[in-house]
Amino acid sequence: GAVVSQHPSRVICKSGTSVKIECRSLDFQATTMFWYRQFPKQSLMLMATSNEGSKATYEQGVEKDKFLINHASLTLSTLTVTSAHPEDSSFYICSARGPGNTGELFFGEGSRLTVL
Amino acid sequence: QKEVEQDPGPLSVPEGAIVSLNCTYSNSAFQYFMWYRQYSRKGPELLMYTYSSGNKEDGRFTAQVDKSSKYISLFIRDSQPSDSATYLCAMSARGGGFKTIFGAGTRLFVKA
């Protein structure tokens, strides 16, 4: 299957700083990528849809100024958590639709953010 | 009513058992059906992908889709302790922005 790589897998930062998470499609081009947040023992919560070359589409209740998404190329989307606070600590996961724009989604390994 | 319903479990079975995981859904427009396995603190891994109704088999895993009943299943034969994980069903339709809807995930424990 298609491979999606996410980096870093784990990051710890101080409150008030910004953190960038990268999501790359390694062997295919992804015009659309998705960013999720997952709390312990809960399912995936879609935060936003990242579209290459255009603005991201955010889900209701997600602060676009807080979670900046950039999809600068067909293989890279980034999520920047700005002015992070302890309540932003979570597991963030990206996904991309597979080659041929079928219904399959392929996920990155996830990034665990801890804000002190 | 949620668009996709999935029993969160936990489901505990002995090694070697046949496991049956299920989801029901309400949107008849769904065409693409997926099952993901997620280990703790890892991203979901695509296990099975099915388009429309029917069965699909891959090794010890069998996925079934019954669109008339709006019901999908994942069967795991000869379950192993390494199968212990959370299993998420997911589905989408080509219209409406192709949004994927996930079930809550079922936590499975396979005891040695």
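Laboratory data are not the source of any read-out in this text; all were calculated from the coordinates shown. Not measured: the values here are computed from a predicted model. Don't worry about glycine lacking a Cβ; one is built from the backbone with ideal geometry, like all the others, and counts go over all protein chains shown.
Observations on the model:
- Cα centre as origin, Lys/Arg/Asp/Glu Cβ charges: chain B dipole, Debye: 280
- In order along segment A:18-26, the phi-based Karplus estimate (6.51 cos²θ - 1.76 cosθ + 1.60, θ = phi - 60°) of 3J(HN,Hα) comes to 10, 10, 10, 10, 9, 10, 10, 8, 7 Hz; Gly and Pro are listed as x.
- Length released on extending from A:Ser9 to A:Glu87, taking residue separation times 0.36 nm less the Cα-Cα span: 26.2 nm
- Ordered by the number of other Cβ atoms lying within 10 Å of each residue's own Cβ, fewest first, A:Val11, A:Val115, A:Val81 fall into the sequence A:Val11, A:Val115, A:Val81.
- Relative to the compact-globule estimate of 2.2 N^0.38 Å, the Cα radius of gyration of the protein assembly as shown comes out at 1.02.
- Among A:Gln29, A:Tyr58, A:His7 the positive-end extreme of the charge dipole of chain A (Cβ point charges): A:His7
- Dipole size of chain A about its Cα centre, with +1 on Lys/Arg Cβ and -1 on Asp/Glu Cβ: approximately 220 debye, rounded to the nearest 20.
- Alpha carbon convex hull of segment B:45-112, projected area averaged over orientations, nm²: 5.3
- Shown is the FRET efficiency for A:Lys55 and B:Ser69, computed with R0 = 41 Å from the Cβ-Cβ distance and rounded to the nearest 0.05: 0.55.
- When only the Cβ of Lys, Arg, Asp and Glu is charged (+1, +1, -1, -1), the dipole of the protein assembly as shown relative to its Cα centre reaches about 260 debye.
- Scanning chain A for cysteines with no neighbouring cysteine C-beta under 4.7 angstrom from their C-beta gives A:Cys13.
- Between segment A:79-110 and segment B:1-22, the alpha-carbon center distance in angstrom: 25
- Cross-link pairs beyond the 32 Å C-alpha cut-off, checked among A:Lys20/B:Lys67; A:Lys55/B:Lys70; A:Lys20/A:Lys41: A:Lys20/B:Lys67; A:Lys55/B:Lys70
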